[in-house]
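Asker: This is the structure, below, for whatever I ask next.
The values are calculated or read from the model by the stated rules, or taken from the named source; none is laboratory data. Fair warning: this is a prediction, and the values are worked out from it, not measured in the lab. Positions of Cβ are backbone-derived with ideal geometry, glycine not excepted, and every protein chain shown enters the neighbour counts.
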2 protein chains.
Amino acid sequence: MLRSGADFWWSLDEQPMRNIKLVLEYDGTAYCGFQRQDGLRTIQAELARAVAVITKSPANVIGAGRTDAGVHARGQVVNFRTDARMPAEKFVPALNSVLPADIRVLRAEDVPLEFNARYDARGKTDEYTMDTRPVPSVFLRNYAYHVPFPLDLEAMREGCSHIVGRHDFRSFAASGGGAKTFTREVRRCALEAGEGLVKITVEADGFLYNMVRIIVGTLVLVGVGKLTPRDVARIRDARDRRVAGPTAPAKGLCLVRVDYDA
Amino acid sequence: MLRSGADFWWSLDEQPMRNIKLVLEYDGTAYCGFQRQDGLRTIQAELARAVAVITKSPANVIGAGRTDAGVHARGQVVNFRTDARMPAEKFVPALNSVLPADIRVLRAEDVPLEFNARYDARGKTDEYTMDTRPVPSVFLRNYAYHVPFPLDLEAMREGCSHIVGRHDFRSFAASGGGAKTFTREVRRCALEAGEGLVKITVEADGFLYNMVRIIVGTLVLVGVGKLTPRDVARIRDARDRRVAGPTAPAKGLCLVRVDYDA
């Protein structure tokens with residue numbers, strides 16, 4: 001299509017393209033997950049809408065992790081390209097002024113044009129919270145899995161140790177993830193217990209689909225004595241989803257950090 | 001009205017009246033406060049409905065504290081009379097099975113018939129939470145007052161010290177509370193600070209209407225330097241609501257404990 005004279009002059013005035021990286025927090029309770037799906041309320045759609053309102057042009061928002069419906073984030077990372085001239089840090093109050101209250105931008109910065117929040121991620125940390133009180137806390141009802149049984153925490157910790165390392169994690173992967181390889185390196189799998197709470201933190205170079213939720217579902221079976229800690233290694237080496245425990249509920253999961261090369 | 005024969009025989013079979021005390025937790029976000037109001041969603045109405053479903057007869061549920069709209073509880077106490085024969089501890093799962101997920105009964109016990117959750121309360125503890133992060137946490141959006149200013153915590157702690165003791169707290173009372181006297185004994189007023197959080201805990205023999213929220217609103221003015229700690233004593237002694245700070249938002253407040261004589 002031929003450009004009109006006005007378009008031509010406007011193009012001379014065009015701003016250089018930039019790439020903005022955002023760190024986000026969200027309460028996933030009210031969303032059908034991160035990834036945009038026609039007609040459904042998703043984090044990605046809300047972000048794209050907010051960026052479009054602020055920059056006055058449509059944007060493709062790329063997320064580091066496609067969290068499922070009901071999963072939360074304290075440190076999701078996304079990026080989008082824009083030619084808006086606003087200083088990067090101004091995107092924080094600007095986007096927050098148009099985003100719903102359950103999604104907040106914590107930080108914004110300019111990054112090289114080639115940065116991709118998804119493909120450049122070198123590590124991710126997920127945290128899984130269990131509410132172990134006899135009656136579930138109303139304040140954790142959307143943020144924790146209620147496990148009101150006595151849990152053998154030492155056995156669960158030993159189970160965690162079999163998750164750490166570079167392994168084929170096929171036993172802990174739901175179908176539909178589209179991963180090319182099932183090998184991941186888990187750098188940390190740690191259990192912390194507080195008053196009425198158990199938290200399992202898993203840090204890896206990347207996660208397979210539902211990997212942390214299946215690991216937690218399996219560790220709970222260890223906690224209640226239906227599996228031994230050693231069974232976790234056996235399940236891992238079986239490379240068969242059917243031998244692992246159930247998928248723990250989405251609401252207990254929170255993406256807490258995404259790491260990139262400096 | 002004459003009793004029919006069937007009613008007469010049923011009355012011989014009547015169970016003795018009992019008094020059940022419940023300790024409750026609730027997320028007040030979705031409620032117009034504790035106290036029943038026609039046509040509005042309240043904690044008291046939900047409890048009365050649940051007790052009626054479980055005991056199959058209407059019940060008058062008496063609450064220790066009439067929390068306002070948006071105020072939460074981790075240790076509200078209520079009582080109701082019933083002739084239901086169920087063991088007291090069974091009321092916990094029974095009521096929770098019919099209550100909404102944002103109200104949970106934590107404990108239930110038989111108490112003497114004359115026990116009254118409101119009039120027998122000897123002390124109450126309220127906790128007020130402030131979120132001091134630059135961007136408000138999505139997870140605290142309904143549970144904390146966002147105060148993104150540098151706060152002089154030492155000055156606030158000194159301010160707290162002027163709240164402790166037996167005083168006329170008229171300066172910290174909203175109108176409409178219907179109290180006969182404004183004298184209350186505050187046994188503790190303590191400030192704790194964590195990462196991005198400030199909590200103020202106030203324990204007293206009882207609270208005037210909005211008392212803790214006005215105390216917090218005044219302490220925040222001390223924190224930002226608009227008042228000196230010593231001004232808190234001056235405001236207290238003025239016995240005039242107009243000289244105290246604003247009423248801090250309801251959502252930061254939580255009733256954490258109600259004490260009774262053993």
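Asker: Please give the helices (runs of 4 or more DSSP H) falling wholly within region B:1-120 in which 2 or more residues are modelled with pLDDT of 95 or more.
Answerer: On the way: elements: B:5-12, B:43-55, B:91-98.
The helices (runs of 4 or more DSSP H) meeting that bar are B:43-55, B:91-98.
Asker: So which of A:A179, A:A190 is free of Cβ contacts under 8 Å to residues at least 60 places away in the same chain, closer than 17 Å to A:R230 by Cα and among the small types (G, A, S)?
Answerer: Values: A:A179 fails: closer than 17 Å to A:R230 by Cα.
Just one listed residue meets the conditions, A:A190.
Asker: Looking at A:R85, A:R107, which is the one that is within 11 Å of chain B (Cβ to nearest Cβ) and surrounded by fewer than 19 Cβ atoms within 10 Å (Cβ to Cβ)?
Answerer: Values: A:R85 fails: within 11 Å of chain B (Cβ to nearest Cβ).
Sole residue among the options that is within 11 Å of chain B (Cβ to nearest Cβ) and surrounded by fewer than 19 Cβ atoms within 10 Å (Cβ to Cβ): A:R107.
Asker: Go through (1) free of Cβ contacts under 8 Å to residues at least 40 places away in the same chain; (2) away from chain A (no Cβ under 14 Å) and name the single condition B:L153 misses.
Answerer: Among (1) free of Cβ contacts under 8 Å to residues at least 40 places away in the same chain; (2) away from chain A (no Cβ under 14 Å), B:L153 violates only (1).
Asker: What is the one condition in (1) within 14 Å of chain A (Cβ to nearest Cβ); (2) surrounded by 18 or more Cβ atoms within 10 Å (Cβ to Cβ) that B:D126 does not satisfy?
Answerer: (1)
Asker: Let me ask another. Mind checking whether some residue in region A:63-86 is in contact (Cβ under 8 Å) with a residue 40 or more places away in the chain, more than 30 Å from A:T183 (Cβ to Cβ) and among the hydroxyl-bearing types (S, T, Y)? Spell out how you get there, then give the answer.
Answerer: First, the residues of region A:63-86 that are in contact (Cβ under 8 Å) with a residue 40 or more places away in the chain: A:63-65, A:67-85.
Next, from what is left, pick out any that are more than 30 Å from A:T183 (Cβ to Cβ): A:80-85.
Next, from what is left, pick out any that are among the hydroxyl-bearing types (S, T, Y): A:82.
Checked region A:63-86: at least one residue is in contact (Cβ under 8 Å) with a residue 40 or more places away in the chain, more than 30 Å from A:T183 (Cβ to Cβ) and among the hydroxyl-bearing types (S, T, Y).
Asker: In this structure, is B:V224 aliphatic (A, V, I, L, M) and touching a strand residue (DSSP E or B) at 6+ places or on another chain (Cβ under 9 Å)?
Answerer: For B:V224, the condition - aliphatic (A, V, I, L, M) and touching a strand residue (DSSP E or B) at 6+ places or on another chain (Cβ under 9 Å) - is not met.
Asker: Exactly one of (1) more than 11 Å from chain B (Cβ to nearest Cβ); (2) buried (at least 21 other Cβ atoms within 10 Å of the Cβ); (3) aliphatic (A, V, I, L, M) is unmet by A:L113. Its number?
Answerer: Among (1) more than 11 Å from chain B (Cβ to nearest Cβ); (2) buried (at least 21 other Cβ atoms within 10 Å of the Cβ); (3) aliphatic (A, V, I, L, M), the lone unmet condition for A:L113 is (2).
Asker: Just one of (1) within 14 Å of another protein chain (Cβ to nearest Cβ); (2) in contact (Cβ under 8 Å) with a residue 12 or more places away in the chain; (3) part of a helix (DSSP H, G or I) trips up A:F139, so point out which.
Answerer: (2)
Asker: Look through A:V222, A:V216, A:V147 and report the one residue that is buried (at least 19 other Cβ atoms within 10 Å of the Cβ), in contact with a Pro (Cβ under 7 Å, 6 or more places away or on another chain) and away from every other protein chain (no Cβ under 14 Å).
Answerer: Working: A:V216 fails: in contact with a Pro (Cβ under 7 Å, 6 or more places away or on another chain); A:V147 fails: in contact with a Pro (Cβ under 7 Å, 6 or more places away or on another chain).
After applying the criteria, what remains is A:V222.
Asker: Which numbered condition trips up B:P134, out of (1) farther than 16 Å from B:A48 by Cβ; (2) in contact with a Leu (Cβ under 9 Å, 6 or more places away or on another chain); (3) crowded, with 18+ Cβ neighbours inside 10 Å?
Answerer: (3)
Asker: Can you tell me which residue in region A:30-62 is surrounded by the most Cβ atoms within 10 Å (Cβ to Cβ), limited to those that are among the small types (G, A, S) and within 14 Å of A:I103 (Cα to Cα)? Steps first, answer last, please.
Answerer: Residues of region A:30-62 that are among the small types (G, A, S), as a first pass: A:30, A:33, A:39, A:45, A:48, A:50, A:52, A:57, A:59.
The next check asks that each one be within 14 Å of A:I103 (Cα to Cα); those that pass are A:30, A:33, A:45, A:48, A:50.
Working: A:A30: 13, A:G33: 19, A:A45: 19, A:A48: 18, A:A50: 22.
Per the criteria, the residue is A:A50.
Asker: Using the structure shown, decide if A:G159 is within 30 Å of B:G70 (Cα to Cα), of a type in the set (G, A, S) and in contact (Cβ under 8 Å) with a residue 60 or more places away in the chain. Steps first, please.
Answerer: On the way: within 30 Å of B:G70 (Cα to Cα): no; of a type in the set (G, A, S): yes; in contact (Cβ under 8 Å) with a residue 60 or more places away in the chain: yes.
The answer is no for A:G159.
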